[in-house]
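Worksheet: one structure, shown below.
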Amino acid sequence: MPIDEAMREAFITFTNESRDLLSDLEEGILGLEDNQGDSDTVNAIFRAAHTLKGSAGLFGLDRLVRFTHVVETALDGVRAGTVDVTQELVSALLPCVDHLAAAVDGLAAGQSEADALDETTGDALLAALQPHLSRTGAGDQPRADGTGAVSGETWERTWQLSLCFGPDSLRNGMDPLAFVRYLSTMGTVLRVETLTDRLPPAREADPHTCYLTFQVHLRTTTSKIELEGVFDFVRDDSQIRIVPADNEIGSYVRLIQSQPPSDRIGNILVHCGVLTEQEAATAAEIQRQRCGNGGSAPAPIGAILVEQGIVPQPLVDAALRKQRRTSEARAGESQTIRVDATRLDTLIDLVGELVLAQASAADRASAGEQAGLLEAQSEVTRLVEEVRHRTLALRMVPIGTTLRRFERIIRDACAELNKEVDLVVTGGDAEMDKAMVERISDPLLHLVRNALDHGIEPCPERVASGKPARGTLRLNAFHEAGCIIIEVIDDGRGLARDRILRKAVEQGLVPPGTNLTDQEIYALIFEAGFSTADAVSNLSGRGVGMDVVRRNVAELRGTIDIESTPGHGSTIRIRLPLTLAIIDGFLVSVGSSAYVIPLDTVTECVELPATARTRNHISLRGQVLPLIRLRSTFGTTEPPPRRQSIVVVEQSGQRAGLVVDTLMGQLQTVIKPLGLLSSHAQCISGTTIRGNGDIALILDVAALLATHGSREPAPAMAAA
Amino acid sequence: MTKTSPTHSAHTTAAGTGGVRRLELDGEVTINTAAQQYQTLMAFVTSPGSLEVGLAAVSDLDTAGLQLLLLARQEAERLGATLSFREPSQAVQDILTIAHLNGNLDNVRPGLEGAD
């Protein structure tokens with residue numbers, strides 16, 4: 001066990017990074033099923049296992065190393081094409097990843113390696129993996145090392161040799177045909193062409209000068225380097241080109257794609273065995289010469305290789321693509337950096353203070369009316385806004401990563417429930433605060449399990465109702481009006497309205513004979529202890545889930561709605577505010593108090609018409625707009641001004657006009673949480689400090705709308 | 001009918017019947033004898049008509065020699081003559097095999113017999 005401080009810190013880094021690697025590993029292995037043999041994925045997961053093994057070794061975690069080694073070997077086999085990717089393989093690999101994840105968690109919690117990594121379980125998992133590690137046959141897939149052969153196994157290829165012997169070859173005592181004869185001892189000569197295009201008119205020919213070129217197609221296991229070596233003595237005088245035969249270009253392109261990343265095409269091509277070091281040096285020399293001559297930018301090596309006939313164009317193209325992908329990947333990698341979350345929070349707090357201080361300064365500047373100062377202040381405002389925006393963005397992560405994690409759960413659940421469900425994730429790019437992502441993850445998980453358990457029917461039932469045998473579970477996320485919406489959509493049997501109502505009556509949640517809308521009935525499933533599942537399954541049905549989900553969502557200041565069509569499916573929609581810390585608001589006054597209305601809920605402002613002074617609603621462009629008089633809401637006693645204004649707000653599809661005394665314009669401010677004493681105040685979600693030092697209360701628009709809605713004469717559902 | 005008397009170690013003879021002129025090459029047709037054999041062939045391919053080069057007595061053939069034969073054929077074509085090679089010796093056969101050439105010194109495509 002690590003003892004001193006430095007080791008402890010390093011160990012924490014190790015466990016954190018291992019978790020990341022394991023997460024990548026799991027995602028990659030799942031991806032293997034859908035995307036067989038995509039070389040980037042395969043390479044990535046192999047590297048993940050390899051890195052994990054190496055890091056574990058650094059800390060002397062031998063059991064971890066041994067276990068990971070077997071997994072790494074399996075993945076190496078996938079990478080080399082000797083292990084087939086099957087569903088069984090994936091099913092054998094995933095538990096191994098789980099085992100490692102549990103071990104890392106154990107180690108992070110302070111357990112010893114022996115406790116964290118149970119050998120019996122581990123051995124069983126590895127045994128399950130073994131059958132998949134046997135070779136499926138070498139096949140014709142090329143494998144790479146410097147000589148184009150791997151660990152003693154040779155691979156037969158067809159080369160096209162273009163032997164353009166120099167004029168003095170014969171004089172120097174060489175016999176070109178002897179070379180061709182020699183080649184036939186190295187493999188099978190498939191074809192020879194004698195090219196006479198260099199022959200001069202016969203009368204002018206010199207019988208001692210060589211004008212002939214031979215093109216040979218040779219099938220051999222010999223490497224290119226060895227073939228090149230055959231012509232060592234004629235190379236100076238002749239042009240010898242050895243390239244893969246045309247029909248093998250495809251294999252080589254695939255080989256290049258499967259290479260580990262490299263940012264030099266020379267290395268890529270040499271590693272595949274289509275380019276020898278000597279040829280690379282020749283090309284480099286040509287490049288150097290040309291560069292020296294013209295003084296212009298050096299011709300690309302790839303172009304030179306093609307031009308000189310050393311490497312065929314398609315292979316140079318493949319190598320260039322590989323090179324480009326490597327640089328892109330590397331650029332992506334190096335741009336991330338691990339940051340301690342508390343440091344980030346401190347920074348965000350500071351930025352919050354900065355916003356307030358800046359607002360205060362802006363206030364005083366505008367009061368003073370010095371043009372220069374106003375201008376400078378406006379610039380500061382702009383910069384502070386930018387800093388605020390970017391700082392908050394630091395904590396934003398795309399929700400897709402979390403959503404895609406459900407793929408594993410769905411896969412396992414389908415196996416257990418004997419159902420077939422496809423997961424579709426859309427809008428994974430939508431970003432939300434990292435802390436919120438973590439807190440919404442469990443509620444979403446429960447909703448997903450619910451959909452699998454109760455929503456989606458087993459195949460026979462689906463087919464009988466004319467649906468496709470495979471169900472679809474869609475996770476969708478998108479931004480709207482300063483919120484993020486997450487939807488869990490299934491095409492199952494939908495909510496059973498009548499059964500829910502019946503159960504609710506049975507459990508005493510609703511007095512019998514009550515008239516409820518569909519929406520209200522669906523909302524019943526969020527009540528504690530409610531469950532219509534006749535069979536309690538392993539996953540859900542214990543009735544402890546949905547109310548917890550609603551509470552978690554409420555704690556994040558969000559809302560949750562259900563839509564359902566019997567027989568067709570259900571949609572559960574969670575709406576969460578995007579930012580927890582800083583808010584853009586619209587400042588209004590009611591009496592002597594100031595209130596902030598979240599700007600993303602404000603659609604417009606209008607004057608309160610004189611005729612509407614006592615009415616509950618007005619007509620806004622032909623539509624009814626209910627009015628909420630904040631004076632009444634907050635019990636303001638001061639006399640109202642002559643003209644009042646209406647701020648039209650909208651949220652969750654509900655619209656209302658808030659009647660206020662004066663409009664004071666937009667502001668950007670930090671939400672200070674309500675103290676314990678006032679945290680029960682309805683319709684207030686927080687406070688803030690204005691530029692002039694006064695406190696303004698931030699309105700909870702959703703709560704306002706809901707409360708107002710409950711005042712309307714409605715069927716007897718008690719207000720929340 | 002024309003006869004050429006040998007002036008060196010490589011022997012050639014000329015013979016022909018019924019309008020076809022024939023040259024018999026013999027001995028080495030290699031880099032060693034290239035200069036002389038070249039002269040012989042060029043002296044032979046001088047006018048249009050049917051020409052034959054007999055190879056039965058060729059003891060050795062290398063690239064230089066093959067090149068000479070190809071030059072001779074090229075010259076014949078230029079003059080509008082037809083030139084064919086006859087009775088290749090074993091040595092010549094071996095070379096033809098290595099070079100994938102047929103009896104007419106044309107490239108043999110794999111799987112095909114005869115000229116392209």
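The values are calculated or read from the model by the stated rules, or taken from the named source; none is laboratory data. Everything quoted here is computed from the prediction, not taken from an experiment. All Cβ positions, glycine included, derive from the backbone under ideal geometry; neighbour counts span all protein chains shown. SASA here: full protein model, heavy atoms, side chains in, ligands and nucleic acids out. Shrake-Rupley method; radii C 1.70, N 1.55, O 1.52, S 1.80 Å.
Return one number: the angle in degrees, 0 to 90 and rounded to the nearest 10, between the long axis of the Cα atoms of helix A:62-80 and the longest principal axis of the Cα atoms of chain A.
Roughly 70 degrees between the two axes.
With a 1.4 Å probe and all protein chains left in place, how much accessible area per residue does the range A:245-330 have, in Å²?
49 Å²
Out of residues 5 or more away from A:T221 or on other chains, whose amide H comes under 5 Å of its own, with H placed 1.01 Å from N in the peptide plane?
Hits under the 5 Å cutoff: A:R157.
Over both sides of the B-A contact, add up the buried accessible area with a 1.4 Å probe and give it to the nearest 100 Å².
Between B and A, the summed buried area is about 2300 Å².
Could you list which residues have their amide H under 5 Å from that of A:R191, counting only those 5 or more apart in sequence or on another chain, with H placed in the peptide plane?
A:H217
Take every residue in peptide B:90-103, count the Cβ atoms of other chains within 10 Å of its Cβ, and give the average of those counts.
Other-chain Cβ atoms within 10 Å of each residue's Cβ, averaged: 3.
Other chains near B:31-40: what is the mean number of their Cβ atoms within 10 Å of each residue's Cβ?
Mean shielding count: 3.
Report which residues of the range B:65-87 become buried by 50 Å² or more of accessible surface when going from the isolated chain to the complete set of protein chains (1.4 Å probe; DNA, RNA and ligands ignored).
B:Q67, B:L70, B:L71, B:Q74
Of all beta bridges DSSP finds with both residues in the protein assembly as shown, what is the antiparallel percent, to the nearest 5?
Rounded to the nearest five, the antiparallel share is 80 percent.
Considering only protein heavy atoms and a probe of 1.4 Å, how much of the accessible area of the protein assembly as shown is carbon and sulfur, as a whole percent?
52 percent
Could you compute the FRET efficiency for B:R78 and A:A284, with r as their C-beta to C-beta distance and R0 at 35 Å, rounded to 0.05?
Working from the Cβ atoms, E equals 0.20.
Between 0 and 90 degrees, rounded to the nearest ten: what's the tilt of helix A:546-555 against the longest Cα principal axis of chain A?
80 degrees
What do you get for chymotrypsin sites (Phe, Trp or Tyr not before Pro) in the range A:175-235 restricted to DSSP loop and a cutoff of at most 16 other Cβ within 10 Å of the site's Cβ?
A:F233
Once every DSSP H run of n ≥ 4 in the protein assembly as shown is given -39500 (n - 2.57) and the sum is divided by its residues, what mean residue ellipticity at 222 nm do you get, rounded to the nearest 500 deg cm²/dmol?
After summing the helix terms and dividing by the residues of the protein assembly as shown, the value is -13500 deg cm²/dmol.
Once you average over the residues of A:177-184, how many Cβ atoms of partner chains fall within 10 Å of each Cβ?
Mean shielding count: 4.
Multiply the residue gap between A:R19 and A:T221 by 0.36 nm, knock off their C-alpha separation, and tell me the result in nm, one decimal place.
68.3 nm
Just check the range A:156-315 against the gyration tensor rule for me: Cα atoms, a ≥ b ≥ c as the square roots of the eigenvalues, rounded for a/c under 1.5, and otherwise prolate or oblate depending on whether a/b exceeds b/c.
Oblate is the answer for the range A:156-315, as a/c is 1.5 or above yet b/c matches or exceeds a/b.
Using only Cα atoms, locate the centre of the range A:595-647 and the centre of the range A:439-477, then give the distance between them in Å, rounded to an integer.
Distance between centres, Cα-based: 44 Å.
Among the listed pairs A:K322/A:K419; A:K419/A:K503; A:K53/A:K434, give every one whose C-alpha distance is greater than 31 Å.
A:K322/A:K419
Tell me whether the range A:433-516 comes out rounded, prolate or oblate; compute the Cα gyration tensor, take square roots of the eigenvalues as a ≥ b ≥ c, and use a/c under 1.5 as the rounded threshold.
In terms of gyration-tensor shape, oblate.
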